[in-house]
Amino acid sequence: MKDSFYILLTALLIFGSCQQKSKNTEQGTQAPAQVRQEEQSILHPLLAEYGQFLTRLDSGKVENMSVAAEKYKELFKGQNTSLADSGYVLFEKFYNRVDNTINENYNEEKYDSLVIHQGLSKSLQKSKELRTYDRHLNKNGFKLAMTEGITYLKQDRNFVKKHFYTFLSPVLKVYLSKLNKENIEGFADDASLTIAPRQLADRVIWWEDFVKANPEFILVEEAKENVQDYLTTLLVGMDNTPVLEHGDNRLNSYYAEAYHYLLKERPNSKAAKAVKPYFQALQNADTLRANVLLKQYQELGIID
């Protein structure tokens, strides 16, 4: 659901009978988890209230993250986990909206100028202004981060753990814990992978297994996107960590290790079935075959 959907919720509650009839005719084309979430948003006043509340919050003010978290607790404390999970989905959308807005408005020149040459960690120790700003961010689900000498604002998902895990279902907590772990570990920097080859393969497999085990999970579509994104990286690579070495088209040892590991550990996984013929083509220096496979995988929606 888009943010604008929240505005319609009150009207939908008033005209519930006719709107619900229309909604029922549309459900045949929607995933079960999405249907349940949208039904609850229409039928349950707590979700309608929370959605409208978030719509009114200024996403350009990082302190509104705490405001949103406190309102969530007020509304969903003592409620069943299914309802609390649906409420959290609304918060997650707001979290991402705040992330986009504050980074768009971030005063890069000001804070870059406060970063001493030793790097961000040393600068935080020496600059009172930088340290104060970082503490303010930390209280509201973000932290200062740095890449290639440029600072930016990064989600600190320990905020979610602190404020929300108590209210949520076990499966949603597993999902959010995994996101937090990956956020802490990192993934890439300056178009280069920063995780080990086996970590990349493990992420593909973890998310594949999670989707298989939880087909009706409320955020299953997002979990499927994680499978697709990681598998795309595994097969296509990144600009500064290419699958084929620049100049001679040899298979990069990073991906060779990841492919060997995945095929050994999980040979019957969907990921392995995509990787195996592609790996064989690259080992035979058959880039034409490899590219044909990538195109097929894109058409099937296996990769981006």
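Modelled spin labels at TYR152 and SER113, positioned 7 Å past Cα toward Cβ, are 2.2 nm from each other. Sequence-ordered 3J(HN,Hα) estimates for the stretch 103-113 from the Karplus curve with 6.51, -1.76 and 1.60 and θ = phi - 60° stand at 6, 5, 9, 5, 7, 4, 4, 4, 7, 4, 5 Hz, glycine and proline given as x. With each label modelled as a point 7 angstrom along the Cα→C-beta vector, the GLU70-VAL236 pair spans 4.3 nm.
Between GLN199 and ASN100, the simple spin-label model (points 7 angstrom out along Cα→Cβ) gives 2.8 nm. Set the Förster distance to 22 Å, then compute FRET efficiency between LYS273 and HIS246 from the Cβ-Cβ distance, nearest 0.05. So, using R0 = 22 Å, E works out to roughly 0.15. A cut-off of 5 Å between modelled amide H atoms, ignoring neighbours fewer than 5 places along the same chain, links LEU251 with GLU245.
Taking chymotrypsin sites (Phe, Trp or Tyr not before Pro) across the stretch 127-211, the ones in a DSSP loop with at most 16 further Cβ atoms lying within 10 angstrom of their Cβ are PHE187.
Taking trypsin sites (Lys or Arg not before Pro) across the stretch 67-121, the ones in a DSSP loop with at most 12 further Cβ atoms lying within 10 angstrom of their Cβ are LYS77. With 19 Å as the limit on Cα-Cα distance, the pairs of LYS178/LYS273; LYS122/LYS178; LYS110/LYS162; LYS224/LYS270 that go past it are LYS178/LYS273; LYS122/LYS178; LYS110/LYS162. For the stretch 232-300, GluC sites (Glu not before Pro) are listed when DSSP marks them as loop and at most 13 other Cβ atoms sit within 10 Å of their Cβ; the list is GLU245.
With a 1.4 Å probe rolled over the protein heavy atoms of all chains, the accessible area of MET146, MET65 falls in the order MET146, MET65, largest first. Extension gain for LYS77-ASP229 works out to 51.3 nm (0.36 nm per residue, less the C-alpha to C-alpha distance).
The values are calculated or read from the model by the stated rules, or taken from the named source; none is laboratory data. As the structure is a prediction and not an experimental result, all values here were calculated from the model. With ideal geometry, Cβ positions are generated from the backbone for all residues, glycine too; neighbour counts draw on all protein chains shown. For the accessible areas, the whole protein counts, side chains as well, though only heavy atoms, and no ligand, DNA or RNA atoms are used. Shrake-Rupley method; radii C 1.70, N 1.55, O 1.52, S 1.80 Å.
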